[in-house]
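The values are calculated or read from the model by the stated rules, or taken from the named source; none is laboratory data. A quick note: this is a predicted structure, and the numbers were derived from the prediction, not measured. All Cβ positions, even for glycine, are placed from backbone atoms using ideal geometry, and neighbour counts span all protein chains on display. Protein only, heavy atoms only, side chains kept; ligands, DNA and RNA dropped before computing areas. Shrake-Rupley method; radii C 1.70, N 1.55, O 1.52, S 1.80 Å.
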Amino acid sequence: MNERGLVRLRAALGWLAAGLCLSAAVALADSFVSSVRTGPNTFSVPAGGTESLSGPLPVEAKDAQDMAVSIDRPGVSLNITTQTQGFWMGNRMWQGTLTAAPNAAPGMTTVVLRGPGGDAASPPQPFFIHLFADEAALKAASQSHFVRLTGQSPMAVAGYCLAAACLVGCGVYLASRRLEAIWASQGKAVVYMTKKTPDGLLISFALGSEQGLATGCAVDVHDESGLPVAKASVVRCSAADAAALVVGQDKVTLGNIVSLAAAPAKAADAPHA
């Protein structure tokens, strides 16, 4: 691919990566808003579906099996399966699996867990379960726009978008490396740093004595489309890097292209008398 095609490709990939990152941010916001609207300890389960529940194990309970479960709707059951240590505080936690029967009637049900001794010993742990006729009804009633429109969890969408953005970002990097190689062979480089000084704007770029530069040499600055932006004079030069001073104006920005200044054309020979 030629230089112009690589420039267009890099720009398109950059916009695509930005769009994917924006989509991931919107999905994360949608997940947060939907969780706030849903409320704590509230879950949606289709008929025939399951949901994992967990909570703190009261100090008076010897193990998870000491927890008492009450459910106000038939067709819903909770099987407390195990006891674990909490991830953050290390406190004891019970874990269980809530199951909705295939013929469970849609509606709201409350699952309450109590430790030994009832409410007097430890506060009850309520869970609010929305039962739906099937998966389609559950998604249609979701508080998440992504679930309703795409059927996907907003967190999953955010993960997919971020992964795709990383892949597209790799494409931008590879296109940039190829462009830099082409520009280096043509005696051109990208402005990668600008700094304002009392003498004017100082720009840095990856051209040096290997490309024929030296302190005092003039260089041209233009944008990616080739339009001239400024001229600069080299004030520091190494084998593969240089800095030049743009005097009298500060229109140069990161991403502009620096090239060796064209030698002035030789004056035509005067006609013989």
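Going by the alpha-carbon gyration tensor, a ≥ b ≥ c the square roots of its eigenvalues, is segment 187-260 rounded (a/c under 1.5) or, if a/c is not under 1.5, prolate (a/b greater than b/c) versus oblate?
Since a/c reaches 1.5 but b/c is at least a/b, the shape of segment 187-260 is classed as oblate.
Counting only Cβ charges, +1 for Lys and Arg and -1 for Asp and Glu, the dipole size of segment 41-102 around its Cα centre is about 60 debye. Based on C-alpha pairs under 8 angstrom that are at least 6 apart in sequence, the chain has a relative contact order of 17 percent. In a reduced charge model with +1 at each Lys and Arg Cβ and -1 at each Asp and Glu Cβ, the chain shows a dipole moment near 500 debye about its Cα centre. What 222 nm value per residue comes from the helices of the chain, counting each DSSP H run with n ≥ 4 as -39,500 (n - 2.57) and dividing by all residues, nearest 500 deg cm²/dmol? Using -39500 (n - 2.57) per qualifying helix, the result is -10000 deg cm²/dmol. In this structure the chain gives 59 Å² per residue of accessible area when probed at 1.4 Å with all protein chains present. Taking amide H atoms as placed 1.01 Å from N in the peptide plane, the amide H of residue 201 lies under 5 Å from those of 246, 248, 249, each 5 or more residues away in sequence or on another chain. Note on the chain: Rg/Rh from C-alpha atoms, Kirkwood Rh, equals 1.33.
For segment 3-47, the residues whose amide N sits under 11 Å from a probe point set 7 Å from the Cα of residue 73 along the beta carbon direction are 43-47. Expressed as a whole percent, the accessible area of the chain that falls on carbon and sulfur atoms is 61 (1.4 Å probe).
Extension gain for the segment residue 225 to residue 185, taken as residue separation times 0.36 nm less the Cα-Cα distance, is 12.6 nm to one decimal.
Dipole size of segment 187-260 about its Cα centre, with +1 on Lys/Arg Cβ and -1 on Asp/Glu Cβ: approximately 140 debye, rounded to the nearest 20. Considering only DSSP beta bridges with both partners in the chain, what is the antiparallel share in %, to the nearest 5? Of those bridges, close to 90 percent are antiparallel.
Counting only residues at least eight positions apart within a chain, or on another chain, the aspartates and glutamates with an alpha carbon under 15 Å from that of residue 231 are 199, 220, 223, 250. The H on the amide N of residue 236, modeled in the peptide plane, is under 5 Å from the matching H of 243, each at least 5 residues off or on a different chain.
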